[in-house]
Amino acid sequence: MHWRVAWLAVSLLMVVGSLKLPQAEARIVVGVSTVNVAFLPIYLTQDKGFFKDEGLDVLVVMFNAGATNLQAMIGGDVQIMAGGVPETVLARASGVDIKNFWAISNLMPFQIYGSPKLKSLKDGKGKKFAISRFGSLSEFLTRSALRRSGVDPKDVTMLQIGATPARFTTLATGIVDATILWFPVTERARAVGMNKLFDLKDIYPNWTNVGFIAREAWLAKEKDQAARFLRAYQRGVKHTRENRDEGIKALRKYVGLDAAEAAAGYDEYRDSFPLDGRILDAGISATVEQEIESGRLKGKISLSEMIDNSFINSMGER
C-alpha cells in the first residue's frame, strides 16, 4: 500500500513539473524625473503592454525634479530612474553606487533665446541672462555658448530664476534679456517673437540627455529583470519610431501638449531615441568639467565609474 502512495506522489510531482506555470510578474518602480517629450518611449511601452509581455509589473511614477527622483532611488522606493545622465555625476562622486546603463534620448535639447531687441549672442555683453541656479547645467551651457560667441561670461549678469517655465516668464516680461530653454518652451518663445540666439547642438552634438539609471547592487542582483525591462523598452522604442500618430497622441495624453506642439515634439525627438541604448559620453565629460570649475567636484571621475555598458554590449540593436 505504501509503495502505491509513493508511486502516486511521484506521478503527481512529474505531472506538476511538466506543466508550464505562468511566471509571476516582477514589480519594478520606474521614476521619471519630469514630464517631458524625451520620455515618450516609456509612455508607449507601458501603454502597449510590452512590459507585461516580459512578465513585469512596471509602475511609472512621475517626479517634479531629478533630485527627488534620485533620492527615491537611493532610498529603495524606485528601482530604475529615468532622468538626466549628466545630473548623476555628483551623486556618484559622493559615493552613491549608481550607474547609467541605457540611453533614452541622445539629443542636446537646449537653445538660448533672447528678446526681440537682441539679435545675436555676440551682443550679449552687459545683458541679463536667466539660469536655474549657480553651478547648474543651465549655467554651464550658458557660459559655454557665450564663450563660443566671443563674450566673456564675466561681462554678463546671471540671475537664478529656476526651472524652464519660470525663466521663460522672466524673458517674456522683460526682466532678463536672454535665457536657456528647451522644448516645448522653445516653441512658445518663437511664437511670441523671441529670437533664437544659439543652439547648444553646435557645441555638443553628441549628448545623451536622459537615460536609465540604477544602483549597481540592484543591477547585479536583478540582472534578468533589468534585461527583460530593456527588451520590452526596445520594442517600445521601435514602436515609437514607426508610429508617428500614436506618438503624438501619447504626448498629448502624458505631456499635455496641444496638437501642433505634440507633432513638433515627435518630429524633433523621434531620431534621438536609440534602439541600441548607446550612451554618448560628452554630457558626462562636460558636467565633470563644470563641477570641477564650480569647486563642487575635487577631481576627475572616469566614464567607467559612471556607465555600465554590459546591457548595451549584450543586447545592442535588435
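Below are the figures for this structure:
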{"read-out": "Carbon/sulfur fraction of accessible area - the chain, other protein chains in place, 1.4 Å, %", "value": "53 percent"}
{"read-out": "Long-range HN-HN contacts of I279 with modeled amide H, under 5 Å", "value": "A103"}
{"read-out": "Length-normalised contact order for the chain - Cα pairs under 8 Å, 6+ apart - percent", "value": "27 percent"}
{"read-out": "Value of relative contact order over the stretch 75-164, rounded to a whole percent, pairs C-alpha under 8 Å and six or more apart", "value": "26 percent"}
{"read-out": "The chain: radius of gyration and largest Cα-Cα distance (Dmax), Å", "value": "23.3, 99"}
{"read-out": "The chain, accessible area per residue, ligands and nucleic acids excluded (1.4 Å, Å²)", "value": "47 Å²"}
{"read-out": "Listed residue (L200, Y233, I279) projecting farthest to the positive dipole end of the chain, Cβ model", "value": "L200"}
{"read-out": "Area accessible to solvent at V176, 1.4 Å probe radius, in Å²", "value": "0 Å²"}
{"read-out": "Principal-axis tilt of helix 282-294 within the chain, Cα atoms, nearest 10 degrees", "value": "60 degrees"}
{"read-out": "Antiparallel bridges, percent of DSSP beta bridges restricted to the chain (to nearest 5)", "value": "55 percent"}
{"read-out": "On Cα atoms only, tilt of 2-18 relative to the major axis of the chain in degrees", "value": "30 degrees"}
{"read-out": "For the stretch 159-187 and the stretch 271-308, distance of Cα centres in Å", "value": "26 Å"}
{"read-out": "Heavy atoms of E216: accessible area, 1.4 Å probe, square angstrom to 10", "value": "70 Å²"}
{"read-out": "Student exercise, the stretch 171-260 dipole from Lys, Arg, Asp, Glu Cβ charges, in Debye to nearest 20", "value": "420 debye"}
{"read-out": "Distant-in-sequence amide H partners of L257 (H built 1.01 Å from N, under 5 Å)", "value": "R252"}
{"read-out": "Degrees separating the helix 259-269 axis from the principal Cα axis of the chain, which is the longest one", "value": "80 degrees"}
{"read-out": "Estimated dipole of the chain in Debye, rounded to 20 [Cβ of Lys and Arg +1, of Asp and Glu -1, Cα centre]", "value": "260 debye"}
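The values are calculated or read from the model by the stated rules, or taken from the named source; none is laboratory data. Only a predicted model underlies this, so the values are computations on that prediction, with no experimental measurement involved. Ideal geometry is used to build each Cβ from the backbone, glycine not excepted, and the neighbour counts take in all protein chains shown. We work out accessible area using only protein heavy atoms, side chains counted, and drop any ligands, DNA or RNA first. Shrake-Rupley method; radii C 1.70, N 1.55, O 1.52, S 1.80 Å.
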